[in-house]
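Right, one structure below, let's go through it.
Where a number appears in this text, it was derived from the coordinates with a stated rule and is not lab data. Keep in mind it's a predicted model, so treat the numbers as computed, not measured. As a convention, Cβ positions derive from the backbone with ideal geometry for all residues, glycine included, and neighbour counts pool all protein chains shown.
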Amino acid sequence: MARYKHYDYDQLMMVPVSLEEQLVPGTLEYAIHHVVEELLDLSMFDDRYRNDETGRKAIDPKVLIKIVLFGYSRGLISSRSLERACKENITFMALSCGQKPDHSTIAAFVSSLDKEIEPLFTKVLLICDEEDLLGGTHFSLDGLKLSSNAAKEWSGKFEDLKKKQEALERKVKEAVCEHRSADKRAGKKKGTDKKRRELRIKRLKQKADRIDKFLSENEPKIGARGKEIQSNVTDNESAKMATSHGVVQGYNANAMVDEKHQIVLYGEAFGKGEDSSSMESMLGWGQG
């Protein structure tokens, strides 16, 4: 029977580790570190992250960008998973220079990138071009269906949504009548049943009002053939799309990739399921 040697945890923690040596040339983590530290101009973040006079010193945005980029490449797309990786994974520790940003710091940073993400992406592409990483002769285009934060049940043509609204309003009236009858039988005593009925009425009314507001503020969506297509009350830019796992309410995320080095040159999400409908827009960017 094999015997396993038991190591003292404190002794293991005493093993010297050079974080710099964890970033081996030729690896993705080394490339991310080199590009962010040596080539990217991140002066756009200076004003937001300069707090030398008050409070705890902010974590350098370079560190956060490296953590996020490497995390995404490894399938870590939540702030809590990235926080944990910075505490447990030696490669993340090397990229973060031993710092351990918490999930709230990472989440706030990602949420604040709306204005900076486009110029940052452009700078990365310019660097790739300077380093002769773009073949420039052949580009590949493909799409992926992604679910949005919207339910298929809230989709339909305007006539369908109007019928759904009317059905909800009927349910509200029925629930109110039922509520009143129950109050009379119970002598208007307060209790769990009464609260449950009140909550049901409130939810039904909110759903009916939501559809009514949507119909009054939006116009029917017209498809490529000139006929009305389904709208969605929650996210009207999304659409129903067929996937290998069934129909989803979401987007068709398209990406254009350089054949030689597999670098993403452009990406955009479309509320149309057919790749052909978004091809003109994607190719127009590539030609520009």
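Among 163/272; 157/227; 157/272; 163/205; 115/145, which pairs are too far apart, with a Cα-Cα distance over 19 Å?
163/272; 115/145
With a cap of 11 neighbouring Cβ atoms within 10 Å, and only residues DSSP puts in a loop, list the trypsin sites (Lys or Arg not before Pro) found in region 204-288.
Within region 204-288, the qualifying trypsin sites (Lys or Arg not before Pro) (loop, at most 11 other Cβ atoms within 10 Å) are 225, 227.
Once the principal axes of the Cα atoms of region 65-202 are found, what is the range along each, listed largest first in whole angstroms?
The principal-axis extents, from largest down, are 79, 41, 23 Å.
Between residue 90 and residue 163, 0.36 nm times their residue separation minus their Cα-Cα distance comes to what?
So the chain would gain 20.5 nm between residue 90 and residue 163.
Assuming R0 = 25 Å, can you tell me the calculated FRET efficiency for the pair residue 21 and residue 113, based on Cβ-Cβ distance, to the nearest 0.05?
0.25
Can you give the log10 of the normalised intensity I(q)/I(0) at q = 0.18, 0.22, 0.23 Å⁻¹, computed with Debye over equal Cα scatterers of region 142-250?
Computed log10 I(q)/I(0) values: -0.90, -1.12, -1.18.
If you wrap a convex hull around the alpha carbons of region 204-286, what volume per residue comes out, as a whole number of Å³?
So the per-residue Cα hull volume is 142 Å³.
Quick one: which residues, 5+ away or cross-chain, put their amide H under 5 Å from the amide H of residue 247? H built at 1.01 Å from N.
The answer is none.
Within region 92-120, list the residues whose amide N lies under 18 Å from a label point set 7 Å along Cα→Cβ of residue 78.
101-111
Between residue 102 and residue 122, what FRET efficiency comes out of the Förster formula 1/(1 + (r/R0)^6) with R0 = 35 Å and r the beta carbon distance, rounded to 0.05?
0.70
Excluding residues on the same chain fewer than 8 positions from residue 173, give the aspartates and glutamates whose Cα lies under 15 Å from its Cα.
Leaving aside aspartates and glutamates fewer than 8 places away in the same chain, those within reach of residue 173 are 198, 209.
Rounded to the nearest angstrom and ordered from largest down, what semi-axes does the equivalent ellipsoid of region 194-247 get from its C-alpha gyration tensor (root of 5λ)?
One finds semi-axes of 30, 17, 7 Å for region 194-247.
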